[in-house]
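Below is one structure, written out as structure tokens; comments come after it.
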Amino acid sequence: EMAALAFGPLQVHRLQARHFQRNPASGRVLEKCGFSLEGCLRAYAEFPNLGPGEPQDVACYAILL
């Protein structure tokens, strides 16, 4: 629904999405929606609830018009 709105009336040419690599199910959902994996941001972000000093890798996806 969001992609249809963005590529339709809003005339956006590119949508991006990211997810923590430790959650591959999120990547599968993005791929089913037409997104393509563009790369990985290694040690990009930390979750405070996982403890200090534990940066997480983030997968980057995008879909183009």
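A few notes on this one:
- Note on segment 16-36: among residues that are surrounded by 11 or more Cβ atoms within 10 Å (Cβ to Cβ) and of a type in the set (A, V, I, L, M, F, W, C), the one that is nearest to the chain's Cα centre (by Cα) is ALA17.
- Filter result for the condition that a residue is in a helix (DSSP H, G or I) and basic (Lys, Arg), over ARG28, ARG42, ARG22, ARG18: ARG28
- Yes/no for GLY53 being part of a loop (DSSP other than H, G, I, E, B), at pLDDT below 90 and on the phi > 0 side of the Ramachandran plot: yes
- Cross-chain or 6+ apart pairs with Cβ under 9 Å, segment 1-19 first and at positive phi, then outside any strand (DSSP E or B): GLN11/LEU65
- Residues in segment 1-15 that are in a strand (DSSP E or B) and open to solvent by 70 Å² or more (accessible area, probe 1.4 Å): ARG14 alone.
- For segment 23-65, a residue qualifies if it is more than 24 Å from GLN11 (Cβ to Cβ) and of a type in the set (A, V, I, L, M, F, W, C), and the qualifying residues are ALA25, VAL29, LEU37, CYS40, LEU41, ALA43, ALA45, PHE47, LEU50, VAL58, ALA59.
The values are calculated or read from the model by the stated rules, or taken from the named source; none is laboratory data. From a predicted model like this one, the values you see are computed outputs, not experimental measurements. Neighbour counts run over all protein chains shown; Cβ positions are idealised from the backbone, glycine included. Side chains are part of the model used for accessible areas, which takes the heavy atoms of the whole protein and leaves out ligands, DNA and RNA. Shrake-Rupley method; radii C 1.70, N 1.55, O 1.52, S 1.80 Å.
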